[in-house]
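Visitor: Would you mind keeping the following structure in view while I ask a few things?
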Amino acid sequence: MRTWFWTLLLAVIAVALAVVLRSHSGNVLLLVWPWRISMSLTLAVLLIVAAFVVLYVGLRLLAWLLAIPDRVRAWRGKRAQARDHELLERGWIGLLEGRYSHAEKDLTKLLEQTKVQTRRVLAALSAARAAHGLGEFDRRDRLLATAQEQAGADPGLVEATATVSADMLLDQGRAERALAVLAPLADGGARHLHTMRLLLRAHTALHHDEQVFTLARGLLRRNALARTEGDHLIDVAGAARLRAAAANDGWRAIWKDLKAEERLLPEIALAGAAAFEAAGEANEAAKVLEAAIAVKFNPALVAAYARCDAEQVSRRLAKAETWLQQRPTDPDLLTALGMLCLNGQLWGQAERYLLRSLSRRGDAQTHALLGSLYDRLDRPADAVRHWRLATAASMALPVLAADAALPAADIGSDPYRLDAEGGYAVGLSDVDADIGGDYPALPPSVAASASDYVLDPDARANKEQQARALAPEDAPVVGGTSDIDEYFDSAPIPAAAFDNPVPTYSPAAPASPKPAAPAAPAPTTKPPFKDDGSL
């Protein structure tokens, strides 16, 4: 529109000038010593216009030539900015995709080549986050230090560096270091939502209940925190504050500072009720628990409500029975009613409530309560059974076979074992003594089963070791050298002799009533008596 306006205006001026010059046919005389120039008015006007045009064009051309270095510098700056933007865009895309190595490479290149302060800080922080994703924490710390150095005194860049550093430190689990980085922002009164969230994470990890309670309240008030998460943090932190102040009387001030909806949270209600109970105000404790249970039925609150003195049983039992009308099959409520009846020594009602609870769910607490109840009622068998079930419900017990017996221990390798015949038979096992002595050999199956329980097979003595072990004077002589009556009076009869008795005397010749002279020691494999019955 402006172009058309100026074109039309110039056309109007040209037409007007032409009309004026045509109607005035005068001359123009120029006296330039030593010359005298005379021309028409029209030619003079045309020369003036041409001179103006030439002068204007010349000046514009000179200005364009003089502006060439500036234009070159601007062109180079635009090209560098385009390269920086390309590297920054590529690095951020790789960072968002999780390609941390490529992102760190592009962002480190940008940090080295860019000359802009904000861009250098941004590149250093982005490269530090990529190194953090790769787990290169030393390289990340160096990049953060570079970003902090490049930020200088700019408050915006300083805060950005602090928040990014604290976020990565919290991800690494270094809450104390993150809190130290955020301390200048907190001391300066910074109330940015992201900074408050980072402070909340740091104080939560360090269990600073006062700060967690204050920050969670502030974020909830500004709708910057989910209601469920905020209530949980307030609940845990508020209950910890009450328990910490329970040693002195300071918990009352904390309780008064709580809002009405905060007192109904489960952990805070439990801590408040415990504080009132410790102060001897059982009725206030009951009111606190009743208000919290009315908002949300919590098993921990119901169990705490059932733990009371005998004088509180009637009031709490009546209230709990009203809850039972709304929740007739709730096992936690039935267990709590059984506990209240136990506290009030109402044995029949307690048994009924506890058995109803077990019919819905079998747990260790209910079995233990029933065991205590039956112990009071002098029913030891039922009490022991429920205590056993309580133990089985609370932990995984091994299943023992009821129809198998443990094998007898092999004490043959015991050097101090007392032998019935020879005193201490050193290095001789039971099975070897029976096999190698005057007793009949055991069946192979019995010997094999006995050898299975020897823990160290190398400890079993061979025949030479057995002979050396029987060297003492009080050891029995192999082959039977003592009188037969003395032998039967002193030596035990092996069990195998009752099943398969060994014939001592042959049927042809009767046994001599008097013992014969002692014979020479026979080998261990030779029977102790001859076939004719003589010694």
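Visitor: Ignoring ligands, DNA and RNA, how do C308, C341 rank by accessible area with a 1.4 Å probe, largest first?
Guide: C308, C341
Visitor: Does region 306-364 come out rounded, prolate or oblate by the C-alpha gyration tensor, with a ≥ b ≥ c the root eigenvalues, rounded set by a/c under 1.5 and, if not, prolate when a/b is larger than b/c and oblate if not?
Guide: Numbers: a/c = 2.03, a/b = 1.35, b/c = 1.50.
Note, shape of region 306-364 comes out oblate.
Visitor: Just how far, in whole angstrom, is region 261-300 from region 325-402 if you go by their alpha carbon centroids?
Guide: 25
Visitor: Place a point 7 Å from Cα of V57 in the direction of its Cβ. Which residues in region 26-43 have their backbone N less than 20 Å from it?
Guide: Output list for this probe position: 43.
Visitor: Given all pairs of different Cα atoms, what value in angstroms does the Kirkwood hydrodynamic radius of region 1-149 take? Could the numbers behind the result be given before it?
Guide: Details: mean 1/r = 0.0465 Å⁻¹.
Averaging 1/r across every pair of different Cα atoms and inverting gives 21.5 Å.
Visitor: Moving to a separate point now. For region 43-181, what % of the accessible area comes from carbon and sulfur atoms, probe 1.4 Å?
Guide: On the way: 5320 of 8700 Å².
C and S fraction of accessible area: 61 percent.
Visitor: Taking a ≥ b ≥ c as the square roots of the eigenvalues of the Cα gyration tensor of region 139-178, is the shape rounded (a/c under 1.5), prolate (a/b larger than b/c) or oblate? Intermediate values should be presented prior to the final figure.
Guide: Details: a/c = 2.96, a/b = 1.62, b/c = 1.82.
Because a/c hits 1.5 or more and a/b fails to exceed b/c, region 139-178 counts as oblate.
Visitor: Next question, about the same structure. As a test question: what accessible area, to the nearest 10 Å², does S314 have when a 1.4 Å probe is rolled over all protein chains in place?
Guide: 80
Visitor: Separate question: According to the square roots a ≥ b ≥ c of the eigenvalues of the Cα gyration tensor, what is the shape class of region 255-355, taking rounded for a/c under 1.5, prolate for a/b larger than b/c otherwise, and oblate for the remainder? Can you show the working numbers first?
Guide: Details: a/c = 2.59, a/b = 1.54, b/c = 1.68.
Because a/c hits 1.5 or more and a/b fails to exceed b/c, region 255-355 counts as oblate.
Visitor: Assigning unit charges at the beta carbon (Lys, Arg +1; Asp, Glu -1) and nothing else, what dipole magnitude in debye, to the nearest 20, does region 1-92 show about its Cα centre?
Guide: Details: 11 positive and 4 negative charges, 36 e Å.
That gives region 1-92 a dipole magnitude of about 180 debye.
Visitor: Right, here's the next one. Please state the Cα pair-distance histogram of region 342-388 with 10 angstrom bins from zero: what percent is in each bin?
Guide: Result returned by the calculation: 31, 60, 10.
Visitor: So how exposed is F52, as accessible area in Å² (1.4 Å probe, rounded to 10)?
Guide: 140
Visitor: What whole-number value in Å² describes the accessible area per residue of region 48-118 for a 1.4 Å probe? Don't skip to the end; give the middle numbers.
Guide: Working: 5550 Å² over 71 residues.
With all protein chains present, region 48-118 gives 78 Å² per residue.
Visitor: Using alpha carbons only, how many angstrom separate the centre of region 179-220 from the centre of region 102-132?
Guide: When both Cα centres are located, 28 Å separates them.
Visitor: In debye, nearest 20, what is the charge dipole magnitude of region 301-377 about its Cα centre with +1 on Lys and Arg Cβ and -1 on Asp and Glu Cβ, if you could check? Kindly include the intermediate steps, with their values, before the conclusion.
Guide: On the way: 10 positive and 8 negative charges, 36 e Å.
Once rounded to the nearest 20, the dipole reads 180 debye.
Visitor: Normalised by the residues of region 120-217, what does the relative contact order come to in percent, with Cα pairs under 8 Å and at least six apart? Intermediate values should be presented prior to the final figure.
Guide: Numbers: 87 pairs, mean separation 19.1, N = 98.
Dividing the mean separation by the residue count of region 120-217 yields 19 percent.
Visitor: Using only the heavy atoms of the protein chains and a 1.4 Å probe, how would V45, V72 rank by accessible area, largest first? Don't skip to the answer; put the middle values down first.
Guide: Working: V45 30, V72 60 Å².
Listed by decreasing accessible area, they come as V72, V45.
Visitor: Using a 1.4 Å probe, what is the accessible area per residue for region 127-243, in Å²?
Guide: Values: 5880 Å² over 117 residues.
For region 127-243, the per-residue accessible area is 50 Å².
Visitor: Between region 9-27 and region 242-258, how far is it from one alpha carbon centroid to the other, in angstrom?
Guide: Using only Cα atoms to place each centre, the spacing works out to 101 Å.
Visitor: Also, quick follow-up: Are there any trypsin sites (Lys or Arg not before Pro) in region 88-197 that are in a DSSP loop and have at most 14 other Cβ atoms within 10 Å? List them by number. Could you put the intermediate results ahead of the total?
Guide: On the way: sites: R90, R99, K105, K109, K115, R119, R120, R129, R139, R140, R142, R174, R177, R191, R197; in loops: R99, K115, R174, R191.
Filter output for region 88-197: K115, R191.
Visitor: Now, a different point. Could you compute how much accessible surface I93 exposes when probed at 1.4 Å, giving the result in Å² to the nearest 10?
Guide: Roughly 80 Å² of I93 is accessible to a 1.4 Å probe.
Visitor: Further question: Roughly to the nearest percent, how much of the accessible area of region 333-386 is carbon and sulfur, given a 1.4 Å probe? Don't skip to the end; give the middle numbers.
Guide: Details: 1170 of 2460 Å².
Percent of accessible area from carbon and sulfur atoms in region 333-386: 48.
The values are calculated or read from the model by the stated rules, or taken from the named source; none is laboratory data. All values reported here derive from a predicted model rather than from experimental measurement. Here the Cβ is made from the backbone with ideal geometry for all residues, glycine too, and neighbour counts use every protein chain on show. Calculation scope for accessible area: heavy atoms of the full protein, side chains included, ligands and nucleic acids excluded. Shrake-Rupley method; radii C 1.70, N 1.55, O 1.52, S 1.80 Å.
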